[in-house]
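Written below as structure tokens is the structure these notes are about.
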């Protein structure tokens with residue numbers, strides 16, 4: 001079994017967030033499951049860490065430490081799922097369903113998970129609700 005890990009989960013695991021303890025517990029309980037990310041998660045992680053620096057939640061040295069740890073996780077622990085062109089079409093279809101209120105980036109995460117037929121772990125309730133409605137399945141929220 002493989003689960004696609006949304007950026008929100010990784011940010012909470014590598015920095016201090018409201019849900020960090022819950023994410024750490026979830027990761028311990030699910031350490032036997034293959035965890036996957038995509039290049040989109042890599043881009044969002046860079047953005048999330050930069051935001052934490054801009055808002056004073058992290059200093060540059062802390063950001064660099066967490067970025068290095070994330071790179072290590074990418075190399076040693078995560079399966080990297082490719083983002084095929086069809087995922088962008090699927091993301092557009094998901095995002096166009098206005099009742100879910102998905103942003104493009106969240107729709108792309110769901111499309112990647114859907115394309116690879118894996119469930120998604122996220123802390124984002126809106127994304128989890130959409131994942132369940134689209135038949136992708138979601139955990140952790």
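What residue, among those in region 117-141 that are crowded, with 18+ Cβ neighbours inside 10 Å and in a helix (DSSP H, G or I), is farthest from the chain's Cα centre (by Cα)? Restricting to residues being crowded, with 18+ Cβ neighbours inside 10 Å and in a helix (DSSP H, G or I), the top hit is 130. The residue list 22, 63 contains one member that is farther than 28 Å from residue 132 by Cβ and out of contact with any strand residue (DSSP E or B) (no Cβ under 8 Å at 6 or more places or on another chain), which is 63.
So, residue 58, is that one over 18 Å from residue 122 (Cα atoms), crowded, with 16+ Cβ neighbours inside 10 Å, touching a helix residue (DSSP H, G or I) at 6+ places or on another chain (Cβ under 7 Å) and at pLDDT 95 or above or not? Full working, then the answer.
Numbers: over 18 Å from residue 122 (Cα atoms): yes; crowded, with 16+ Cβ neighbours inside 10 Å: yes; touching a helix residue (DSSP H, G or I) at 6+ places or on another chain (Cβ under 7 Å): yes; at pLDDT 95 or above: yes.
The answer is yes for residue 58.
The values are calculated or read from the model by the stated rules, or taken from the named source; none is laboratory data. Just so you know, these numbers come straight off a predicted model, no measurement behind them. Glycine also receives a Cβ, built like all others from the backbone with ideal geometry; neighbour counts cover every protein chain displayed.
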